[in-house]
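Working notes, beginning with the structure itself.
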Amino acid sequence: MKYDCVIVGSGPAGTVTARFAAEAGAKVLIIERRAEVGVPVLCGEGISRKIDNWGMIEGTRWIAGKMEGARIYSPDKTCVTVSAKFGGDETGYVVYRDIFDQELARHAVKAGAKIMMNTKALGLIKENGKIKGVKAKHLDEEIEIKADIVVGADGVDSKVGNWASIETTLKPNDLETCCQYTFTNVKNLDYFCEFYLGKEIAPGGYIWIFPKGKNIANVGIGILASLSEAGMAKKLLDKFIEKEERLKDAQPIRFLAGAVPVALPVETVRDNLILVGDAARHVDPITGGGLTHCLEVGKIAGEVIGKAVKEKNFSAEFLSEYETRWKEAIGKKMKRNYMVKEILLDMDDKTFNMLADSLKDYDFDEISTIGIVKALVKKHPMLLMKLRPLIKVAKES
Ligand SMILES: Cc1cc2nc3c(=O)[nH]c(=O)nc-3n(C[C@H](O)[C@H](O)[C@H](O)COP(=O)(O)OP(=O)(O)OC[C@H]3O[C@@H](n4cnc5c(N)ncnc54)[C@H](O)[C@@H]3O)c2cc1C
């Protein structure tokens, strides 16, 4: 088997890369260890409405609910409501992630990419030290797939990066441990994504309720691995659910557990190799959301792969256009949000409560930095001192 490009992983990062590489003329194969694209779902399924303008996904089958905004609850349950225009940008849709991933795969195939399911990458083929493809197991058969470029789109547990000597180990401080129920028969749901903060509720993370319509909702938790111990995420989530009136008559129809990197991205390019998506840590360190980044970065990766194939140049130097462009697109935001994540970790519950109390009546339709600072100072002047590091980061970015 010989391809221009073999992509390990059929998540959004892999299929979007495949689509744009194939559209640019590259012969592309995606390999996927699972038996079905997008299954099992390992996601809260929230995505920004920014994707409406990107033309990467058609129709509406993948949309479970269109959100009207977000509610953020402080530890003492003070609620800050952000309208769709502002909150909606980040929490725009709740999707059916399996259909979403399959739609992205359909576009990749339409562009000419091939997909091989039940095929697990086992290592890289190297000739004279150069990467020349991947060794894999398809069902029970060991196979070799030769390719000029290997793409690691193999998610948070990425092995491809390690095989190419890229340091991808995550510190417990940079990893969220998550679990989530999907409940049916949930009462009083509307179209707002909800976030619950607090050191006791979810240390170093948050609990979310994302409505999927028809009385169905994803109710999940992410906590920082360094503040966690075995079974803690599920215990804290169960404690929250027990007290939640709307879930009294609800029953779970799905349970999942997974991890999210909340780190700075790693190096993403070597000779004949590229990393995208969670494998490259392209996840927002504050929210743990990775889907929009997969689409943005996957498109860039695919376009650069297309150029490399045309020029027959697979060197790290040539492929570094990918790293330069994704840094232009999301690099600054990733760095800023990583700093903000570190500052938020140091903030105590009392500060979050004061912050929410100051902002609970704030008209976010009139959003401005000065307006927010004024609102903070008016109610809790001491917040200004506490939030100084955050204001500094905001000013610098
Ligand atoms: C509980 C939870 C909730 C989340 N909620 C949200 C959310 O609401 N919004 C959001 O934007 N993000 C969310 N995320 C993050 C989001 O799911 C990821 O950022 C996104 O899935 C990354 O896509 P990807 O293509 O990089 O990797 P993945 O979607 O993980 O895909 C990687 C693929 O590679 C395959 N693979 C791995 N190893 C191999 C191998 N050796 N050979 C072949 N195939 C392989 C895997 O089977 C998988 O299909 C959440 C994550 C978790 C765990």
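The values are calculated or read from the model by the stated rules, or taken from the named source; none is laboratory data. No experiment lies behind these values; they were computed from the predicted model shown. Positions of Cβ are generated from backbone atoms using ideal geometry, with glycine treated the same way; all protein chains shown enter the neighbour counts. These area figures cover heavy atoms from the full protein model, side chains too; ligands, DNA and RNA do not enter into them. Shrake-Rupley method; radii C 1.70, N 1.55, O 1.52, S 1.80 Å.
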Of everything in the stretch 125-144 that's buried (at least 22 other Cβ atoms within 10 Å of the Cβ) and within 11 Å of the ligand (Cβ to nearest atom), which residue is farthest from PHE314 (Cα to Cα)? ALA136
Scanning the stretch 268-287 residue by residue, those open to solvent by 20 Å² or more (accessible area, probe 1.4 Å), closer than 26 Å to LEU344 by Cα and modelled with pLDDT of 95 or more turn out to be ASP278
Helices (runs of 4 or more DSSP H) contained entirely in the stretch 288-360, each with at least 2 residues that are open to solvent by less than 50 Å² (accessible area, probe 1.4 Å) and among the aromatic types (Phe, Trp, Tyr): 316-326
I'm checking my understanding of the structure. Among residues of the stretch 89-102 that are within 9 Å of the ligand (Cβ to nearest atom) and hydrophobic (A, V, I, L, M, F, W, C), which one is nearest to ARG33 (Cα to Cα)? VAL95
Take the conditions within 25 Å of PRO261 (Cα to Cα) and in the same structural domain as ALA279 (by TED's automatic domain parsing) and apply them to TRP208. Does it pass? no
Only residues in the stretch 182-195 that are modelled with pLDDT of 95 or more count as the first member; pair them with residues that are in a loop (DSSP other than H, G, I, E, B) and open to solvent by less than 30 Å² (accessible area, probe 1.4 Å), Cβ under 7 angstrom, at least 6 apart or cross-chain, and list the lot. PHE183/ALA250; THR184/ALA250; ASN185/ALA250; VAL186/ALA250
Would you confirm, using the coordinates I've provided, whether GLY25 is closer than 30 Å to LYS312 by Cα, touching a residue at least 12 places away in the same chain (Cβ under 8 Å), assigned by TED's automatic domain parsing to the domain that holds LEU291 and in a loop (DSSP other than H, G, I, E, B)? yes
Give the residue that is farthest from the ligand (Cβ to nearest atom), with candidates limited to residues of the stretch 276-287 that are under 19 Å from GLY38 (Cβ atoms) and assigned to a helix (DSSP H, G or I). ALA279
Residue identified as within 27 Å of SER158 (Cα to Cα), at pLDDT 95 or above, within 12 Å of the ligand (Cβ to nearest atom) and open to solvent by 40 Å² or more (accessible area, probe 1.4 Å) among ALA18, ALA13, ALA35, ALA105: ALA35
